[in-house]
Amino acid sequence: MADKILMNKNTLATLKNELKGYRTALPVFEMKEQKLKEVIQSIETAVERLKQAIMDTNSEVKQWVGVMAEPTIDLDVLITVKNIDTKTREIAGVIVKQLDTLVFDDIDIDFYETPLWVDAAVESIKDQKTNLAMLHLEQGNLDRVREELAEARRMKNALKEVFIPETKANIRKIEIYLGDVERLAIGCAKLVKKKKERKTEAL
Amino acid sequence: MIAGNLEYLMSSLPNLSFGNTEALQHEVSSIFKKYHLTSEASDNLLPILNAEAKKFLTKTQYDNFLRIQLSNIHREDFRESSNDVIAAFSIFMHNLKHELKIFRSNRQLEDAPSHPTFDSLPELSTNPLKAEVQLLKMQWNQLEALSIGHYSDVTALYIYKLKLELLLRWWSFNEDVGFKIFKETIKTEGYGG
C-alpha cells in the first residue's frame, strides 16, 4: 500500500476519504467488541448454570439410579425426542439460537406392568435431555460469538494499528511531496520572470 | 447334592433373609455355585435352583415350578390356582399392582387427591430406590406370612423361589450400572443447533 502510491492530488483525496471511513469504522468495531464481550459473559453464565443443573440432577439421580440397572425395560424406547424447535435472534451481528420447545414422543407407560421407578426415571431423563439440549445450543452460541469477537478484534486492531497510521503517513508523504512540487513551481516561475525582466531591461 | 426327598432339598438350600449385604449375597450365591460346581458370577442363580428342584419334583410339579415367576405371579391363572398359597400371593400381587397403577395415574393428574387411601399400599418414599425396597419388603412379608405351615412341601419350594426372585431383583439394583444406563439414555440423540 505504502510502496506504490501515486503522489498526486487524486490519491491524496482518496486517502483522506479512506481515513475518514476508517475513523468512522473504528468506534463501531470498538463498540461491537464491547457488546460481544457482554454477550459472551451472559452466555458463559448460562452455560455454567446449565452445567450446574446437570450436575445437580446427576447427584440427585445417583441416590436411586441403581434401580435402572434392573433389566426389565428399555428406557430408550420410552423416551424419544419428537422434535426440537429453536428460535433465533441477532446480537451484534451474530445469530444466537435459543431452545423454544423440546417435544418428547408421547408414549403411554403401562403403570400395571412396569416397575414404580420407571416414572421417576422418565422424568429425570427428560429433564436431563432438556438441559443437555439447552447446553448444546448455548455452547454453539458461545463458539459463534467468540468467533465474531475475534473477527471484530482483528478489524479493530487492523484499523488502529495498520490502516489509520499507514494512511496518515501516506497522506503526510503526499502532502509534503505536493508542497515541494508547488514550491519548486513557484521558484521556477519567479526565476523565469526575473530572466524575462532582465532581458527587457537589456533591450 | 445327593438326590432324595423334598425335605432334604429344602434343608440344603441356602437360608434367605431380607437384605442386600455383600455377605448375604456371597453366602447365597456361593452355596448355589457349590451345587452347580461352578465359579461363575452369582447373578444367575435361578437356573441352578431350577436344576436342583427338577431332581426332586414330579413332571407336573416341575412344570408348575417353572411357570411360577415373580414377573407373572399376578396373572389370572395364578389367582385361580388350586394351591391356596400361590392363589393368595397372586391376588396380593394383583391388588398391589392395581393400587400402584392408580397411585401412578393420580400422580400424573394435577387435581388428583394428594393422599388417596389404599388397602395395601403404604405411603411410599419419594426416593424411587427406597420405594422399591419398601414394596419388595411388603412382598417378602406377605410370603413370610403365607409360608407358615409350609416347611418342606412343594409350596415351600414355590415360596422359596419367589423369595429368591425378590432378593435377586433387589440385588440387581446397582448404582454404577444404573448410572451408566442413565448416561447412555440421555445422550442418544443429536440436538441440532
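The values are calculated or read from the model by the stated rules, or taken from the named source; none is laboratory data. Note that the structure is predicted; figures quoted are calculated from it, not measured. Cβ sites come from the backbone with ideal geometry, for glycine too, and all protein chains shown count toward neighbours.
Give the residues of segment B:165-187 that are of a type in the set (A, V, I, L, M, F, W, C) and more than 7 Å from chain A (Cβ to nearest Cβ), sorted by residue number. Across segment B:165-187, the qualifying residues are B:L166, B:L167, B:L168, B:W170, B:W171. Of the residues that make up segment A:78-90, is at least one part of a loop (DSSP other than H, G, I, E, B) and touching a Phe, Trp or Tyr at 6+ places or on another chain (Cβ under 8 Å)? Yes, because at least one residue in segment A:78-90 is part of a loop (DSSP other than H, G, I, E, B) and touching a Phe, Trp or Tyr at 6+ places or on another chain (Cβ under 8 Å). Only one of the numbered conditions (1) more than 17 Å from A:L137 (Cβ to Cβ); (2) within 14 Å of chain B (Cβ to nearest Cβ); (3) exposed (fewer than 11 other Cβ atoms within 10 Å of the Cβ) is not met by A:L6, and that is (2).
Within segment B:42-73, the residues that satisfy the criterion of being within 14 Å of chain A (Cβ to nearest Cβ) and out of contact with any Ser or Thr (no Cβ under 6 Å at 6 or more places or on another chain) are B:D43, B:N44, B:L46, B:Q69, B:L70, B:S71, B:N72. Just so you know, in segment A:54-74 the residues that are part of a loop (DSSP other than H, G, I, E, B) and surrounded by 12 or more Cβ atoms within 10 Å (Cβ to Cβ) include one that is nearest to the other protein chains (Cβ to nearest Cβ), and it is A:W64.
Residue pairs whose Cβ atoms lie under 8 Å apart, separated by 6 or more positions or on different chains, with the first residue in segment A:97-121 and at pLDDT 90 or above and among the basic types (K, R) and the second surrounded by fewer than 11 Cβ atoms within 10 Å (Cβ to Cβ) and part of a helix (DSSP H, G or I), do not occur. Modelled with pLDDT under 95, in a helix (DSSP H, G or I), in contact with a Ser or Thr (Cβ under 9 Å, 6 or more places away or on another chain) and closer than 18 Å to B:E165 by Cα, is that true of B:S11? Taking the combined requirement at face value, the residue does not satisfy it. Here segment A:102-113 is the region considered, the condition is being facing another protein chain (nearest Cβ under 9 Å) and closer than 16 Å to A:I73 by Cα, and the residue that is surrounded by the fewest Cβ atoms within 10 Å (Cβ to Cβ) is A:D110. Failed condition for B:A131, given (1) surrounded by fewer than 18 Cβ atoms within 10 Å (Cβ to Cβ); (2) more than 29 Å from B:Y8 (Cβ to Cβ); (3) small (G, A, S), with all others met? Of (1) surrounded by fewer than 18 Cβ atoms within 10 Å (Cβ to Cβ); (2) more than 29 Å from B:Y8 (Cβ to Cβ); (3) small (G, A, S), only one is false for B:A131: (1). Being at pLDDT 90 or above, over 18 Å from A:I109 (Cβ atoms) and of a type in the set (A, V, I, L, M, F, W, C) holds for only one residue in B:L96, B:L129, B:L135, B:L100, and it is B:L129.
The set of residues from segment A:75-98 being more than 9 Å from every other protein chain (Cβ to nearest Cβ) and not hydrophobic (A, V, I, L, M, F, W, C) comprises A:K82, A:N83, A:D85, A:K87, A:T88, A:R89, A:E90, A:G93, A:Q98. The residue that is surrounded by the fewest Cβ atoms within 10 Å (Cβ to Cβ), counting only those in segment B:95-106 that are touching a residue at least 12 places away in the same chain (Cβ under 8 Å) and closer than 12 Å to A:E113 by Cβ, is B:K97. Of the residues making up segment A:59-72, just one is without any contact (Cβ under 8 Å) to a residue 60 or more places away in the chain and over 14 Å from B:V177 (Cα atoms), namely A:S59.
Restricting attention to segment A:5-44, the residues that are outside any helix (DSSP H, G or I) and either free of Cβ contacts under 8 Å to residues at least 24 places away in the same chain or in contact with a Cys (Cβ under 6 Å, 6 or more places away or on another chain) (or both) add up to 1.
The combined condition, being free of Cβ contacts under 8 Å to residues at least 12 places away in the same chain, within 18 Å of the chain's Cα centre (by Cα), surrounded by fewer than 19 Cβ atoms within 10 Å (Cβ to Cβ) and at the interface with chain A (Cβ under 7 Å from one of its Cβ atoms), is not fulfilled by B:N141.
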